[in-house]
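Read-outs throughout are calculated quantities, based only on the coordinates presented, and are distinct from any laboratory measurement. Since we're looking at a predicted model, the values are computed, not measured. So basically every Cβ, Gly included, is an ideal-geometry build from the backbone, and we count neighbours across all protein chains shown.
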Amino acid sequence: MGEYVFCALCKRNVDDGKRHPFTKTHQERVKEVLRNQSEQYAKYKHFLLDVATISSRTKQPDFYCTFCKVKVRPTAKEVMEHVRTFACLHIFEHMATAAHHERVDAWFKTNHGDFKLKKSHVISEKSIGKYRERIRKKTEELDQAEQAKAEWKRRERAEEKDKETRGAQVEIRVEVNGGTYVLLWVSDDW
Ligand SMILES: [Zn+2]
Ligand SMILES: [Zn+2]
């Protein structure tokens, strides 16, 4: 006698809970769910290696985690930690949490999924560490670029002001014996 259980993937009661996960129909569902999740993630995963900023938090994509059954959104902590918005950071941070790892494990166990496929649905501690390091470097790069730009603008403004001041001062006209001479006085001491 098998157990009578509800299969969340097949969305029906099955009369043999032990054998059901091995059936063809259930295994088809497993593959389909994993394929959908992979396709969704494929759109974003390049940002894990190639970190990029986006102009606003509202542009962060929504990501549905089928294992945790949640719509993943940026947490307050993630927002507070960064001055800039890094594309898909919330997705990667979610996939690296212990809670997500546990739920993925449980999902594969319950549904008898192929454990070889598990690693494409989680982010290891090592990978998230490297990602955070990339974010740190990118932040540094952007900060430096912004500082350089601000400094360049400051100098440009100072030079323009300097030119205006000099323009009024360098030209001195003198008349000697009926002729007009123009003296151009270029000095940094003005
Ligand atoms: Zn099923
Ligand atoms: Zn999750």
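The Lys71 and Thr110 beta-carbon pair, evaluated with R₀ = 22 Å, returns a calculated FRET efficiency of approximately 0.55. Evaluated with a Cβ-only charge set (Lys, Arg +1; Asp, Glu -1), the chain carries a dipole of roughly 1400 debye about its Cα centre, given to the nearest 20.
FRET efficiency for Tyr64 and Glu160, Cβ-Cβ distance as r, R0 = 45 Å, nearest 0.05? Spell out each step's value before the answer.
Working: r = 54 Å, r/R0 = 1.19.
E(calc), rounded to 0.05, equals 0.25.
Loop-located trypsin sites (Lys or Arg not before Pro) across the range 1-105 with a Cβ neighbour count of 10 or fewer within 10 Å are Lys11, Lys18, Lys69, with loop assigned by DSSP.
Beyond a 21 Å Cα-Cα separation, which of these cross-linked pairs lie in this structure: Lys77/Lys119; Lys11/Lys43; Lys71/Lys137; Lys31/Lys69; Lys31/Lys59? Write down the numbers at each step before the final one.
Details: Lys77/Lys119 26 Å; Lys11/Lys43 28 Å; Lys71/Lys137 29 Å; Lys31/Lys69 17 Å; Lys31/Lys59 30 Å.
Those over the limit are Lys77/Lys119; Lys11/Lys43; Lys71/Lys137; Lys31/Lys59.
Sort the chain into rounded, prolate or oblate with this rule: let a ≥ b ≥ c be the square roots of the eigenvalues of the Cα gyration tensor; rounded if a/c is under 1.5, and if a/c is not under 1.5, prolate when a/b is larger than b/c, oblate otherwise.
Details: a/c = 5.88, a/b = 5.22, b/c = 1.13.
Cα axes put the chain in the prolate bin.
For the range 102-118, the residues whose backbone nitrogen is under 15 Å from a point 7 Å from the Cα of Phe22, taken along Cα to Cβ, are 110-114.
Taking the chain as a whole, the Cys residues whose C-beta sits 4.7 Å or farther from every other Cys C-beta are Cys88. Angle of helix 98-111 to the longest C-alpha principal axis of the chain, folded into 0 to 90 degrees and rounded to 10: 30°.
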